[in-house]
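Okay, structure first, notes after.
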């Protein structure tokens, strides 16, 4: 008997448990988007005719729930839009700041590169290429001047050696002429003395 009572109680509870499980399954398959909620509202709504007029019947509690869900979704969307707008504004400000820093860094880099590629020459900044050209032009000019002075020195030295040689020859000729003139003078002087000696006798 006890066994029959338990079976009877189970038989009575089984339909309610099955109905509850089906409700949970249907609620888990439910589309919670706004479109799904409207479709569910349309599905549950009905219509009737009275005095030749057709009336649509919607359950107010479900309509209010759908309305609240719509407003919640709008509020959430507005909050998301505000948050995204604030994030965009912060990102834009950060990007502007980074662009400004990048421009400043680029200007400094260009200035450093220009200084690195330039050399101060008599107080003026000129490029290394122009500086090298001027420097090598000066060196080449000085080298040409050196060659010119070496040529002039050798030419002058050659002329000096020739003049010394000619002077030495002239001095030797002068000495020879002087010794000959001295000999002639001595000879004439002896002859004159001899003549004077002869006349005295």
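Readers should treat all values here as calculations from the given coordinates under stated rules, not as data from a laboratory. Here the structure is a predicted model, which means the values were calculated and not measured. Cβ sites come from the backbone with ideal geometry, for glycine too, and all protein chains shown count toward neighbours.
Some observations on this one:
- Shape of the stretch 124-200, Cα gyration tensor, a/c cut at 1.5: prolate
- Taking 112, 58 and counting other C-beta atoms within 10 Å, the order from fewest to most: 112, 58
- Cα gyration tensor shape of the stretch 78-180, rounded if a/c is under 1.5, else prolate or oblate by comparing a/b with b/c: prolate
- The stretch 141-201 and the stretch 46-107 have Cα centres lying 125 Å from one another.
- Global form of the stretch 28-113, assessed from the alpha-carbon gyration tensor, a/c cut-off 1.5: prolate
- Segments 127-136, 169-178, 48-57 sorted - mean Cβ within 10 Å per residue, highest first: 127-136, 169-178, 48-57
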